[in-house]
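**Student:** Structure in structure tokens, see below.
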């Protein structure tokens, strides 16, 4: 009676991690996520470490969590991992008001974003080509 188990959403050679309510707009966060898409996981961590954007620190944390999930939960080889997907989505927007001259108020929006990183293990045949 009832519904059967859902099929797994990830392949056998994938691992994921997500960051919710990251304090940045999705547009700014996507610039950093775009920088690591398709790169080797180790190279992406290095690039994020030396990136000047403030939000790169949070993206690096999510990427390192995905790498740790791949190693500990899925027994994947860390040296053959690459960033398969890095998707960004909008979360809530806090609305605040800033006092202006003559009794007026200006609206200040403080957006939040969500980030999802999927790392995938390269097959043994394509790992030597890099």
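Any read-out appearing in this document is the output of simple, stated calculations on the displayed coordinates, not a laboratory observation. Small disclaimer: the values here were computed from a predicted structure and weren't measured. When we count neighbours, we look across all protein chains shown, and the Cβ atoms used for this are built from the backbone with ideal geometry, even at glycine.
**Student:** Count, please, the residues in segment 35-56 that happen to be crowded, with 17+ Cβ neighbours inside 10 Å and under 22 Å from residue 110 (Cα atoms).
**Tutor:** Residues flagged as crowded, with 17+ Cβ neighbours inside 10 Å and under 22 Å from residue 110 (Cα atoms) within segment 35-56 amount to 2.
**Student:** May I pose another question? Look through 84, 68, 91, 44 and report the one residue that is in contact with a strand residue (DSSP E or B) (Cβ under 7 Å, 6 or more places away or on another chain), assigned to a helix (DSSP H, G or I) and at negative phi.
**Tutor:** Details: 84 fails: assigned to a helix (DSSP H, G or I); 68 fails: in contact with a strand residue (DSSP E or B) (Cβ under 7 Å, 6 or more places away or on another chain); 91 fails: assigned to a helix (DSSP H, G or I).
None of the others qualify; the one that does is 44.
**Student:** Looking at segment 64-77 only, could you name the residues that are without any contact (Cβ under 8 Å) to a residue 60 or more places away in the chain, closer than 14 Å to residue 14 by Cβ and more than 15 Å from the chain's Cα centre (by Cα)?
**Tutor:** Of everything in segment 64-77, those that are without any contact (Cβ under 8 Å) to a residue 60 or more places away in the chain, closer than 14 Å to residue 14 by Cβ and more than 15 Å from the chain's Cα centre (by Cα) turn out to be 71, 73, 75, 77.
**Student:** Can you find, within segment 8-34, the residue that is farthest from the chain's Cα centre (by Cα) among those that are outside any loop (DSSP other than H, G, I, E, B) and loosely packed, with under 12 Cβ neighbours inside 10 Å? It would help to see each step written out before you state the result.
**Tutor:** Looking only at segment 8-34, we keep the residues that are outside any loop (DSSP other than H, G, I, E, B), and these are 14-22, 26-34.
Checking the rest, the ones that are also loosely packed, with under 12 Cβ neighbours inside 10 Å come to 21, 27, 34.
Details: 21: 12, 27: 13, 34: 10 Å.
Filtering segment 8-34 for residues that are outside any loop (DSSP other than H, G, I, E, B) and loosely packed, with under 12 Cβ neighbours inside 10 Å, the one farthest from the chain's Cα centre (by Cα) comes out as 27.
**Student:** Being surrounded by fewer than 17 Cβ atoms within 10 Å (Cβ to Cβ) and touching a helix residue (DSSP H, G or I) at 6+ places or on another chain (Cβ under 8 Å) is the filter here; which residues of segment 57-90 pass it?
**Tutor:** Of everything in segment 57-90, those that are surrounded by fewer than 17 Cβ atoms within 10 Å (Cβ to Cβ) and touching a helix residue (DSSP H, G or I) at 6+ places or on another chain (Cβ under 8 Å) turn out to be 57, 64, 71, 78, 79, 87, 89, 90.
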